[in-house]
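Please see the structure below; I have some questions.
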Amino acid sequence: MQISAEAEPGGPLSGLTVVALEQAVSAPMCTRVLADFGAHVIKIENPRGGDFARHYDDVVHGLAAHFVWANRGKESVALDLKDPDGRAILRRILRTADVFVSNLAPGATAALGLSAEQLAAEFPELVVMEIDGYGAGGPLSHKRAYDLLIQAESGTCAVTGTPNAPAKPGPPIADVSSGLYAALTILALICAKRAPDSRSAVPSSASVSLFDTATELMGYHLTYTRHTGVDQQPLGMSSPAVAPYGAYRTADGETVVLGTTNDREWQRLARDLINRPDLAADPRYATNADRVRLRDELDREIARWCTGHDADAVQEQADAAGIGNSRFRTPGEVITHPHLAARRRWRDIPTPAGPVTALLPPPVIAGFEPPMGAVPALGEHTETVLTRAGFTPEEIEEFRSRGALGPARNNDERTIQ
């Protein structure tokens, strides 16, 4: 394992070098997670525009929100892999890498000579992770895959929204979850390779598909439908599995969410929160299955009680009764959420356009502060990475003159033409 001077000292993945041929969200999220734990991530980008997520919008002082979110803590190398020199340079970089991650279009890595099988012959110790759309061996394997397409194909949109108005969940859950599964799989393979009793047969490559991930996330719905023959209808801000569980308007125009997950909680909600012991004693509502069937009746009673109370009062009384509750908030409200502020969850990170604020990663590890590294400009680290790989300044300039590398950059990140 190569020790990188850029990795956060003491980080759980300090010393792990990851090379990524990535774009959009799934693979960038995988490698950003590894970078958050201290890994050294080298992002290979096309000199002509780079990762296309760089250009989705320009709302972050001229940078794209998707790119800033998913690419902190990485080094960017502008390398033309359609050029034989570019491919040779990448192979030199891979000599010192522990992990290679990609999520190109179907067949693209093989066309570049970078499939798992091709890399295994040349770099037997390299862990290779390929994130694709539909996985190999099926009738959809050849298709391009984006988050919305996968969510539609996997049934996710059919259980989101309201009846006759299906919707895509707001966050790109297929992309993000695939990236997380990929990161977990990479760590599993590394652990297996480095275990004291590791066998030589430990695999070095794996793949994760967005479709397999999305259908896994649909596990409850698919299991329910398989055993009932019923396609559950989307319920907006509710759940088909439990009741009462949903959103209710309050006297001051706010929306609170109240949830019960078992019979004891239902009894407390009915008796102690909305002061309806008659509902608690009614045998028609005795079990969760009963309450799910009569969801609309219960929602009307709870909604009637909520409209007589302000949101603060509803939440205070729900807390006192031991009933789970929250408040509906917009993204703008979450940015100033007092819980995030009190726990110091925001940090400033450098970008080519100046510092911006980003959330800390979810894991809280005693004694470790996530690096929260800079968002790279396109090709910002080309010279640094190639020098580290053993290329001389003269060789780098020759590669650049032949078109294998992107333009040189000066210290203020402006491209030198």
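Of the numbered conditions (1) touching a strand residue (DSSP E or B) at 6+ places or on another chain (Cβ under 6 Å); (2) not in a helix (DSSP H, G or I), residue 171 satisfies every one except a single condition; which is it?
Here residue 171 clears every test but (1).
Hey, among the residues in the range 12-68 that are touching a Gly at 6+ places or on another chain (Cβ under 8 Å), among the hydrophobic types (A, V, I, L, M, F, W, C) and in a loop (DSSP other than H, G, I, E, B), which one's most open to solvent (accessible area, probe 1.4 Å)?
The selected residue is 37.
Determine which member of the set 145, 78, 97 is crowded, with 18+ Cβ neighbours inside 10 Å, touching a Pro at 6+ places or on another chain (Cβ under 9 Å) and in a loop (DSSP other than H, G, I, E, B).
Sole residue among the options that is crowded, with 18+ Cβ neighbours inside 10 Å, touching a Pro at 6+ places or on another chain (Cβ under 9 Å) and in a loop (DSSP other than H, G, I, E, B): 145.
Under 7 Å between Cβ atoms, which residue pairs at least 6 apart in sequence (or on different chains) link something in the range 308-328 that is free of Cβ contacts under 8 Å to residues at least 60 places away in the same chain with a partner that is of a type in the set (Asp, Glu) and open to solvent by 30 Å² or more (accessible area, probe 1.4 Å)?
321/272
On to the next question. What is the residue count in the range 100-119 for residues that are of a type in the set (A, V, I, L, M), surrounded by 18 or more Cβ atoms within 10 Å (Cβ to Cβ), within 22 Å of the chain's Cα centre (by Cα) and not in a strand (DSSP E or B)?
Residues meeting the conditions: 1.
Where residues in the range 284-307 are without any contact (Cβ under 8 Å) to a residue 40 or more places away in the chain and of a type in the set (Ser, Thr, Tyr), which of them is most open to solvent (accessible area, probe 1.4 Å)?
Across the range 284-307, the extreme among qualifying residues is 287.
So, of the residues in the range 45-101 that are touching an Asp or Glu at 6+ places or on another chain (Cβ under 6 Å) and acidic (Asp, Glu), which turns out to be nearest to residue 402 (Cα to Cα)?
45
Right, next: Just a yes or no: is a residue in the range 220-233 out of contact with any His (no Cβ under 9 Å at 6 or more places or on another chain), without any contact (Cβ under 8 Å) to a residue 24 or more places away in the chain and assigned to a loop (DSSP other than H, G, I, E, B)?
Yes: the range 220-233 contains one or more residues that are out of contact with any His (no Cβ under 9 Å at 6 or more places or on another chain), without any contact (Cβ under 8 Å) to a residue 24 or more places away in the chain and assigned to a loop (DSSP other than H, G, I, E, B).
Given the criteria open to solvent by 30 Å² or more (accessible area, probe 1.4 Å) and farther than 22 Å from residue 235 by Cβ, does residue 178 qualify?
no
Can I ask one more? What residue, of 273, 269, 217, is closer than 27 Å to residue 181 by Cα and either in contact with a helix residue (DSSP H, G or I) (Cβ under 7 Å, 6 or more places away or on another chain) or crowded, with 19+ Cβ neighbours inside 10 Å (or both)?
After ruling out the rest, the residue left standing is 217.
Based on what the data block shows, is residue 246 more than 13 Å from residue 288 (Cβ to Cβ) and not in a strand (DSSP E or B)?
no
The values are calculated or read from the model by the stated rules, or taken from the named source; none is laboratory data. Source: prediction; values computed, not measured. So basically every Cβ, Gly included, is an ideal-geometry build from the backbone, and we count neighbours across all protein chains shown. Ligands, DNA and RNA are stripped out before the accessible areas are found, and what is left, the full protein with its side chains, is counted by its heavy atoms. Shrake-Rupley method; radii C 1.70, N 1.55, O 1.52, S 1.80 Å.
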